[in-house]
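Data block below; observations after.
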Amino acid sequence: MSRRDNTLTEVLANRRWLRCADPFPYIVVRDVFTKSFYRELEGSFQEVLSRGFGHPGERGRFVRSVPEHKMPGYDAHILVLNSGISGPLTIFISRQWRDMLASVASQHATCDVQCALHHHPVGSANGWVHTDLGLKWFIDDPQPDGVNLACTGRTPTGARQAGGKARPVVRSLAMLFYLNNKWAPGSGGETGLYLSAHDPPSKPARLVPPINNSLLLFECTPYSFHTFLQNRHYERNSVNLWLHRPKNEVVARWGESRIFDVERV
């Protein structure tokens with residue numbers, strides 16, 4: 001049986017998801033998966049990391065910068081998960097995982113999913129305080145389960161290269177799953193949550209520590225301010241995932257000016 005065939009009831013350990021309201025609504029979960037399945041995830045992540053770092057556009061290895069992630073102030077190596085991967089990490093790009101996140105967050109989301117492994121070497125710099133309410137372009141190339149991983153990037157360039165068939169959508173839900181971390185209080189590497197985009201990264205309203213087998217989930221809104229905080233002593237690793245909603249729905253709710261990276265074409 002492939003890992004993609006496993007059901008969440010087989011691998012989930014914790015059904016108690018803690019909802020928090022300050023400084024914006026978010027959910028945290030500890031001990032997300034069973035110990036045995038978490039060890040499989042950890043081993044799979046470590047195997048990818050052991051391949052070393054590659055060059056932009058190279059598949060199967062972490063890269064310092066790829067077109068979708070040319071973001072100044074984000075000091076990480078990234079590997080985008082796609083339908084070509086196998087093993088336990090495919091749970092994050094499965095329809096059952098997408099459906100569970102959307103249900104927990106009461107989200108009306110498309111089946112467009114963007115998911116990547118993130119690795120911050122020791123001493124990676126603070127990020128910048130931002131929301132994830134960003135524009136993305138997808139073409140329709142779904143997996144058999146309906147999940148569509150075919151993101152062409154943040155600009156219309158990918159849409160034009162795809163023959164004009166790409167659709168603009170906006171991130172609606174962000175998830176960070178923490179794994180392979182040797183974290184201790186005071187070592188940094190947390191996700192900081194903020195009241196305002198003008199808050200210094202060093203002064204978050206709340207800290208979410210990168211504890212192994214834990215998860216952070218929040219709706220992407222004009223007020224979901226967050227960033228990565230410098231990891232002073234240990235590497236910081238995570239699986240980052242976003243669900244999306246149609247652009248017109250976001251514009252109707254908050255206005256086009258609230259979407260960052262918006263391209264007017």
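The values are calculated or read from the model by the stated rules, or taken from the named source; none is laboratory data. Please read these numbers as outputs of a predicted model, since none were measured by experiment. Backbone-built Cβ (ideal geometry, glycine too); neighbour counts: all protein chains shown.
Looking for whichever is surrounded by fewer than 19 Cβ atoms within 10 Å (Cβ to Cβ), of a type in the set (S, T, N, Q) and closer than 30 Å to residue 139 by Cα here; the options are 248, 237. Which one fits? Walk me through it before giving the result.
Values: 237 fails: surrounded by fewer than 19 Cβ atoms within 10 Å (Cβ to Cβ).
The match here is 248.
How many residues are in a strand (DSSP E or B) and touching a residue at least 24 places away in the same chain (Cβ under 8 Å) when one looks only at region 18-59? Break it down into steps so the answer makes sense when it comes.
Step one: of region 18-59, the residues in a strand (DSSP E or B) are 18-20, 26-29, 33, 53-54.
So of that shortlist, the ones also touching a residue at least 24 places away in the same chain (Cβ under 8 Å) come out as 20, 26-29, 33, 53.
Here the count works out to 7.
Does residue 204 qualify as being in contact with a strand residue (DSSP E or B) (Cβ under 9 Å, 6 or more places away or on another chain) and either in a strand (DSSP E or B) or without any contact (Cβ under 8 Å) to a residue 40 or more places away in the chain (or both)? Break it down stepwise before answering.
Working: in contact with a strand residue (DSSP E or B) (Cβ under 9 Å, 6 or more places away or on another chain): yes; either in a strand (DSSP E or B) or without any contact (Cβ under 8 Å) to a residue 40 or more places away in the chain (or both): yes.
Criteria met by residue 204.
Which residue, of 210, 185, is free of Cβ contacts under 8 Å to residues at least 40 places away in the same chain and either charged (D, E, K, R) or in contact with an Asp or Glu (Cβ under 8 Å, 6 or more places away or on another chain) (or both)? Steps first, answer last, please.
Numbers: 185 fails: either charged (D, E, K, R) or in contact with an Asp or Glu (Cβ under 8 Å, 6 or more places away or on another chain) (or both).
Matching residue, one of 210, 185: 210.
Run residue 215 past the list (1) surrounded by fewer than 22 Cβ atoms within 10 Å (Cβ to Cβ); (2) in contact with a strand residue (DSSP E or B) (Cβ under 7 Å, 6 or more places away or on another chain) and report the number of the one that doesn't hold.
Unmet condition: (1).
What pairs can you find where one residue is in region 226-253 and free of Cβ contacts under 8 Å to residues at least 40 places away in the same chain, the other is surrounded by 19 or more Cβ atoms within 10 Å (Cβ to Cβ), and their Cβ atoms are less than 8 Å apart, with a gap of 6+ or different chains?
251/259
Test each condition in (1) over 26 Å from residue 124 (Cβ atoms); (2) small (Gly, Ala, Ser); (3) not in a strand (DSSP E or B) for residue 196 and report the one that comes out false.
(1)
Name the residue that is modelled with the highest pLDDT, counting only residues in region 180-224 that are within 30 Å of residue 48 (Cα to Cα) and among the aromatic types (Phe, Trp, Tyr).
Result: 218.
Here is a yes/no grid of residues against (1) closer than 18 Å to residue 148 by Cα; (2) modelled with pLDDT under 95; (3) surrounded by fewer than 18 Cβ atoms within 10 Å (Cβ to Cβ); (4) touching a strand residue (DSSP E or B) at 6+ places or on another chain (Cβ under 7 Å):
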position	(1), (2), (3), (4)
55	no, yes, yes, yes
64	no, yes, yes, yes
72	no, yes, yes, no
77	no, yes, no, yes
100	yes, no, yes, no
